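Single-structure report; data block below.
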Amino acid sequence: AFTGQVVRLVVCGAGAAGIELALTAAARIRNAGKEAAVTLINGTEELMQGDPKRVRAAMEQVLRDRGIEVLHNTRVLRLTESEVVLDSNGTLPYDLAIWPTGAASHEVATKLGEAGVAITRKGWIRVKGTMQSVSHASL
């Protein structure tokens with residue numbers, strides 16, 4: 001449990017997982033009756049560089065609307081017990097730091113693929129909109 005009224009959250013990574021975690025965690029903190037001071041650290045010039053410009057702009061607006069600060073062109077050097085140390089020689093104090101590493105398929109999916117379960121080229125189990133396997137409805 002956090003003892004202060006403001007929970008300082010730093011999300012070290014602004015890919016899809018980092019953006020989702022920043023938005024979700026901020027909402028959960030606020031729903032718990034606390035203030036959320038959320039910083040999202042992005043190592044590049046813009047979020048979601050592979051997406052169309054209008055999509056990137058919309059996401060930046062959503063983050064602004066929810067009070068989430070984005071630091072672009074910033075990298076994390078290390079975490080201490082209480083601060084995120086940045087490459088700009090700056091630090092960010094935090095109560096909670098999240099370091100999303102991105103999604104990757106699991107070796108179990110590869111083994112299931114070898115057993116006949118449909119998987120993608122990247123090793124993910126292929127699923128329907130119901131999240132059931134396209135080849136095995138029981139999965």
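The values are calculated or read from the model by the stated rules, or taken from the named source; none is laboratory data. A quick note: this is a predicted structure, and the numbers were derived from the prediction, not measured. Every residue, glycine among them, receives a Cβ derived from its backbone with ideal geometry; neighbour counts consider all protein chains shown.
A few comments on the model shown:
- Enumeration of residues in the range 52-68 that are of a type in the set (A, V, I, L, M, F, W, C) and either loosely packed, with under 15 Cβ neighbours inside 10 Å or without any contact (Cβ under 8 Å) to a residue 40 or more places away in the chain (or both): V55, A57, A58, V62
- Any hit, the range 63-79, residues being assigned by the TED database to the domain that holds I19, on the phi > 0 side of the Ramachandran plot and of a type in the set (A, V, I, L, M, F, W, C): no
- Extreme residue, farthest from A37 (Cα to Cα), among residues of the range 94-105 that are surrounded by fewer than 12 Cβ atoms within 10 Å (Cβ to Cβ) and not β-branched (V, I, T): A104
- With respect to the conditions (1) in contact with a strand residue (DSSP E or B) (Cβ under 7 Å, 6 or more places away or on another chain); (2) free of Cβ contacts under 8 Å to residues at least 40 places away in the same chain; (3) under 18 Å from G15 (Cα atoms), A104 lacks only one, and its number is (1).
- A single entry from K122, K128 fulfils the requirement of being without any contact (Cβ under 8 Å) to a residue 12 or more places away in the chain and either small (G, A, S) or out of contact with any helix residue (DSSP H, G or I) (no Cβ under 8 Å at 6 or more places or on another chain) (or both): K128.
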